[in-house]
Amino acid sequence: MRLTSPVSGLLLGLLAFVAASEVAAHGERNQEPFLRMRTAHFYDVAWSTGKVNVNEDVVIEGKFRLFEDWPANLPEPEVAFLGNGTPGPVFVRTESWLNGQPAIQSVPLKIDRDYAFKTVLKGRIPGDHHVHPMVNVEGAGPLMGPGSWVQVAGRANDFVLPLTTLDGTKIDNLETWGVSSVVGWHSVWIVIAILWLAWWTRRPLLIPRLVAIDEGREKLLISRADLAAGAVLIVLTVSVVVIGFIWAENTYPRTIPLQGGRAVVKPLPRSDAPVEVIVERATYDVPGRSMQIRASVTNQGGRPIQFGEFATSGLRFVNRELPAAMAMVSPTYPKDLLPPSGLKLDDATPLAPGETRSILFDMTDAAWETERLTSLINDPDNRVGGLLFCFDDQGDRVIANVSGPIVPIFKDLVAHQGMTH
Amino acid sequence: MSAQLQENRDSVTLYGRRWSRENADLSRTFDILVVIIMFIAITAAFHLHFQLTVGDWDFWVDWKDRQYWVTATPILLMAFPAALQYVFWEKFRLPIAATVCMLGLTIGIWITRYSGFHTWSYFPFSMVWPATMIAGGLILDAVLLLTGSALITAIVGGMSFGLLFYPANWPLLAPFRLPMEAMNSLVSVGDYIGYAYTRTSTPEYLRFIERGTLRTFGGHSAVVSAFFSGFVCILVYLLWWYIGMAFARVATLPNRMKIFMGLHDRGAEGKDA
């Protein structure tokens, strides 16, 4: 049998259908690297648990910084909303806070400032779900933080979301609230519509009526009973509308319009930023999956510092030689976002106060590929961005911005050229 | 027996013309087939139009506001009923086009909301219930029947179409406008449903809702919105009535292409090439 025959094509199609695994995440790796490396940098993110039952809470807390080197092609975050990246409403968001302020409304945010967030999600649909913190920015879209798997166990039918309104109405379950009223009023109107259509469709419809009009007998098509039925229909329709409106006003006398205001949230206090990082040259070794950043680093603080972590796009390259840095890694943080090779330095001696030194930061791992950040070379804006976590000798942390142009290195091309010359 | 239908053993008189029993039965079978096909076609086309134009305003309980939802929905709904009313009324004297449209749309919406939004995408039905639009359709048909005039139907029916939309839906909507407190903030139950059930890429700020920009009499912008909607519905009705007229017209053009290609049309020319 030839491979290109229709039968083999059909078999291949069926095989692909059967062999396809379930897609449980939601395309976060498909976002362009410049979006993920130079917009919202999430850090200190922790999930309270990796497994909940239906109706139980999982709390996601952390911080994010809106990056100083914000892409010029994106609007500034004048309108933003703290969301959560989940596969639809598999959880119910019962609370969300930005710097201790309620985040139920959209807010303006400031670039190069930090915000602490907290989101409480209640398990609703059983399954393994990838859960991200997320900031939606008008014009820039969803900016995802790191994602972690959370398993929801139990039965979906057991989920309830009760609440009490300000007028004392007790809602047993928001999932079904008001639905009986919706079904009831739709049914009333559907019945009236069907009766009206039945009034006309019970008699010959198309060809006899068309012929009658062509032959000038259209007056026979509308009887006095039809006109009376039309008048009754108008009275009935208006009456049902008025009765329904009065019923609703009496049943729900205290109502409010949708709330569409904007909230105001002040950013976290700005740190003194006693570390300045100026990128001298950044390269990405494409086949070697290695990013190297040589930067001039100046310690403007009063204590010696060491470099503990480079974070970008949820990836955390942690200096495993530095206990203070390792202590900041939450046990719930996803392992696939913690490259085992971590952060390597060509000179790891502490940077003295006032000292400026050129340091090579080496981050080599396949995670660049699996997180699809290697497609950076396809971006029209080839700049790298991330946060550098520095620790002084007392364990205090300072976060510095790192950004600059990046140059790809194609070693296979270099080798090929070497062979031909 | 009415003047419309008079029967005897071998023939039947339909609307003043005698039909053989067999032809009358065939005509009725044709009616049934066409009605079924047309109802499905109108439902599908009108539903697609509705999804693409009204869209989110009707999808979500926290988009059904007093300004845009009230204004936009009747205006965008007016196209199909007006165009089909021309065809149904002028060709068949049937004042049912608007009702057919609204009933078909209602059935189509219920199918997609239940299967697509609720069952497939996990949204609770309290969040995605559809508005009812049938009242406006009934009024349009009844006014056309009683007046027989497209202009009066546009003015009276079109205005009623816009005005009735909000009060007809208030019994459905009111439970979702009860006030509640969430995170020390005042919100309506509908706001909270929209907040609680995540639409990952539809954040709060994407809502096109009243944000206090419409100056109103008595603080209730729905009244102003409904009157404005009714006024525009008058214009939209007339526009689509004439579009229906244009599309219902059968026109032919002489086949010039054959002449351009050197292939003379014998039938048209009446002589050999």
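Enumerate the pairs (first residue in the range A:82-93 and within 21 Å of residue A:155 (Cβ to Cβ); second residue anywhere and in a loop (DSSP other than H, G, I, E, B) and small (Gly, Ala, Ser)) with beta-carbon separation below 6 Å, excluding pairs fewer than 6 apart on the same chain, so at least 6 apart or on different chains.
Cβ pairs passing all conditions: A:88/B:121.
Within the range B:192-206, which residues are within 7 Å of chain A (Cβ to nearest Cβ) and out of contact with any Lys or Arg (no Cβ under 9 Å at 6 or more places or on another chain)? Steps first, please.
If we filter the range B:192-206 for residues that are within 7 Å of chain A (Cβ to nearest Cβ), which is where we start, we get B:193, B:195-198, B:200-201, B:203-205.
Selection gives B:193, B:200, B:201, B:203, B:204.
Looking at residue A:289, is it open to solvent by 60 Å² or more (accessible area, probe 1.4 Å), modelled with pLDDT under 95, farther than 30 Å from residue A:304 by Cβ and within 34 Å of the chain's Cα centre (by Cα)? Before you say what the answer is, go through the steps one by one.
Values: open to solvent by 60 Å² or more (accessible area, probe 1.4 Å): yes; modelled with pLDDT under 95: yes; farther than 30 Å from residue A:304 by Cβ: yes; within 34 Å of the chain's Cα centre (by Cα): yes.
When the stated conditions are applied, residue A:289 passes them.
Does at least one position in the range B:185-196 carry a residue that is open to solvent by less than 30 Å² (accessible area, probe 1.4 Å), assigned by TED's automatic domain parsing to the domain that holds residue B:94 and assigned to a loop (DSSP other than H, G, I, E, B)?
Checking the range B:185-196: not a single residue is open to solvent by less than 30 Å² (accessible area, probe 1.4 Å), assigned by TED's automatic domain parsing to the domain that holds residue B:94 and assigned to a loop (DSSP other than H, G, I, E, B).
Restricting to helices (runs of 4 or more DSSP H) lying wholly in the range B:1-84: which have 3 or more residues that are not hydrophobic (A, V, I, L, M, F, W, C)? Spell out how you get there, then give the answer.
Numbers: elements: B:21-53, B:56-59, B:68-77.
Fully inside the range B:1-84 and qualifying: B:21-53, B:68-77.
Of all residues in the range A:135-180 being among the β-branched types (Val, Ile, Thr) and out of contact with any Leu (no Cβ under 7 Å at 6 or more places or on another chain), which is most open to solvent (accessible area, probe 1.4 Å)?
To start, the set of residues in the range A:135-180 that are among the β-branched types (Val, Ile, Thr) comprises A:135, A:137, A:150, A:152, A:160, A:164-165, A:169, A:171, A:176, A:179.
Those left that are additionally out of contact with any Leu (no Cβ under 7 Å at 6 or more places or on another chain): A:150, A:152, A:160, A:164, A:176, A:179.
Details: A:150: 1, A:152: 5, A:160: 60, A:164: 72, A:176: 89, A:179: 30 Å².
Only one residue tops the list, namely A:176.
Is the range B:108-123 home to any residue that is under 30 Å from residue B:198 (Cα atoms), at the interface with chain A (Cβ under 7 Å from one of its Cβ atoms) and hydrophobic (A, V, I, L, M, F, W, C)? Give the steps one after another, and end with the answer.
The initial filter retains those residues of the range B:108-123 that are under 30 Å from residue B:198 (Cα atoms), namely B:108-123.
Narrowing the set further to residues that are at the interface with chain A (Cβ under 7 Å from one of its Cβ atoms) leaves B:121-123.
Keeping just the survivors that are hydrophobic (A, V, I, L, M, F, W, C) gives B:123.
Yes: the range B:108-123 contains one or more residues that are under 30 Å from residue B:198 (Cα atoms), at the interface with chain A (Cβ under 7 Å from one of its Cβ atoms) and hydrophobic (A, V, I, L, M, F, W, C).
Step by step: first the residues of the range A:390-400, then only those that are farther than 14 Å from residue A:295 by Cβ and in a strand (DSSP E or B), then the one that is most open to solvent (accessible area, probe 1.4 Å). Which residue is that?
A:397
Report yes if some residue within the range B:146-155 is within 7 Å of chain A (Cβ to nearest Cβ) and either closer than 30 Å to residue A:219 by Cα or in a helix (DSSP H, G or I) (or both); otherwise report no. Full working, then the answer.
Step one: of the range B:146-155, the residues within 7 Å of chain A (Cβ to nearest Cβ) are B:146.
Filter again for either closer than 30 Å to residue A:219 by Cα or in a helix (DSSP H, G or I) (or both), leaving B:146.
Yes, the range B:146-155 contains at least one residue that is within 7 Å of chain A (Cβ to nearest Cβ) and either closer than 30 Å to residue A:219 by Cα or in a helix (DSSP H, G or I) (or both).
Restricting the search to the range B:64-76, which residues are open to solvent by 40 Å² or more (accessible area, probe 1.4 Å) and away from chain A (no Cβ under 14 Å)?
Selection gives B:76 alone.
What number of residues in the range A:82-97 are facing another protein chain (nearest Cβ under 7 Å) and either within 9 Å of the chain's Cα centre (by Cα) or polar (S, T, N, Q) (or both)?
5
Check off (1) closer than 20 Å to residue A:170 by Cα; (2) facing another protein chain (nearest Cβ under 7 Å); (3) over 27 Å from the mean Cα position of the chain (by Cα) for residue B:174 and give me the number that stays unchecked.
Unmet for residue B:174, out of (1) closer than 20 Å to residue A:170 by Cα; (2) facing another protein chain (nearest Cβ under 7 Å); (3) over 27 Å from the mean Cα position of the chain (by Cα): (3).
Sort out which residues of the range A:358-370 are touching a strand residue (DSSP E or B) at 6+ places or on another chain (Cβ under 6 Å) and more than 15 Å from residue A:309 (Cα to Cα), and write them in order of number. Spell out how you get there, then give the answer.
Within the range A:358-370, the subset touching a strand residue (DSSP E or B) at 6+ places or on another chain (Cβ under 6 Å) is A:358-364, A:367.
Hits for the range A:358-370 are A:358, A:367.
Return a yes/no flag: does the range B:213-232 have any residue that is of a type in the set (Phe, Trp, Tyr) and buried (at least 20 other Cβ atoms within 10 Å of the Cβ).
Here is the first cut: in the range B:213-232, the ones of a type in the set (Phe, Trp, Tyr) are B:217, B:227-228, B:231.
Add one more test, that the residue is buried (at least 20 other Cβ atoms within 10 Å of the Cβ), and what stays is none.
For the range B:213-232, residues of a type in the set (Phe, Trp, Tyr) and buried (at least 20 other Cβ atoms within 10 Å of the Cβ): absent.
Looking only at the range A:66-98, count how many residues are within 30 Å of residue A:404 (Cβ to Cβ) and touching a Phe, Trp or Tyr at 6+ places or on another chain (Cβ under 6 Å).
Matching residues across the range A:66-98 total 4.
Pick out, from the range A:104-183, the strands (runs of 3 or more DSSP E) lying fully within it that include 1 or more residues that are within 12 Å of another protein chain (Cβ to nearest Cβ) and closer than 24 Å to residue A:265 by Cβ. Let's see the steps before the verdict.
Values: elements: A:114-123, A:127-137, A:141-144, A:148-153.
So the answer is A:114-123, A:127-137, A:141-144.
Of the numbered conditions (1) touching a Gly at 6+ places or on another chain (Cβ under 8 Å); (2) open to solvent by 30 Å² or more (accessible area, probe 1.4 Å); (3) under 19 Å from residue B:99 (Cα atoms), residue A:193 satisfies every one except a single condition; which is it?
With (1) touching a Gly at 6+ places or on another chain (Cβ under 8 Å); (2) open to solvent by 30 Å² or more (accessible area, probe 1.4 Å); (3) under 19 Å from residue B:99 (Cα atoms) applied to residue A:193, the lone miss is (2).
Residue-wise test of (1) at pLDDT 85 or above; (2) assigned by TED's automatic domain parsing to the domain that holds residue A:305; (3) not β-branched (Val, Ile, Thr).
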{"residue": "A:373", "(1), (2), (3)": "no, yes, yes"}
{"residue": "A:382", "(1), (2), (3)": "no, yes, yes"}
{"residue": "A:386", "(1), (2), (3)": "yes, yes, yes"}
{"residue": "A:395", "(1), (2), (3)": "yes, yes, yes"}
{"residue": "A:398", "(1), (2), (3)": "yes, yes, no"}
{"residue": "A:402", "(1), (2), (3)": "yes, yes, no"}
{"residue": "A:408", "(1), (2), (3)": "yes, yes, yes"}
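Look through B:132, B:119, B:147 and report the one residue that is buried (at least 21 other Cβ atoms within 10 Å of the Cβ) and assigned by TED's automatic domain parsing to the domain that holds residue B:86.
After ruling out the rest, the residue left standing is B:132.
Table: residues versus (1) over 27 Å from residue A:197 (Cβ atoms); (2) of a type in the set (D, E, K, R); (3) open to solvent by 50 Å² or more (accessible area, probe 1.4 Å); (4) in contact with a strand residue (DSSP E or B) (Cβ under 7 Å, 6 or more places away or on another chain).
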site: B:26; (1), (2), (3), (4): no, no, yes, no
site: B:35; (1), (2), (3), (4): no, no, yes, no
site: B:43; (1), (2), (3), (4): no, no, no, no
site: B:52; (1), (2), (3), (4): no, no, yes, no
site: B:62; (1), (2), (3), (4): yes, yes, no, no
site: B:79; (1), (2), (3), (4): no, no, no, no
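What's the number of the condition residue B:61 fails, among (1) within 13 Å of another protein chain (Cβ to nearest Cβ); (2) touching a helix residue (DSSP H, G or I) at 6+ places or on another chain (Cβ under 8 Å); (3) under 30 Å from residue B:246 (Cα atoms)?
So the condition that residue B:61 fails would be (3).
The values are calculated or read from the model by the stated rules, or taken from the named source; none is laboratory data. This structure is a prediction, so every number in the text was calculated from the model and none was measured. Using ideal geometry, Cβ is built from the backbone for each residue, glycine included, and neighbour counts are taken over all protein chains shown. Ligands, DNA and RNA are stripped out before the accessible areas are found, and what is left, the full protein with its side chains, is counted by its heavy atoms. Shrake-Rupley method; radii C 1.70, N 1.55, O 1.52, S 1.80 Å.
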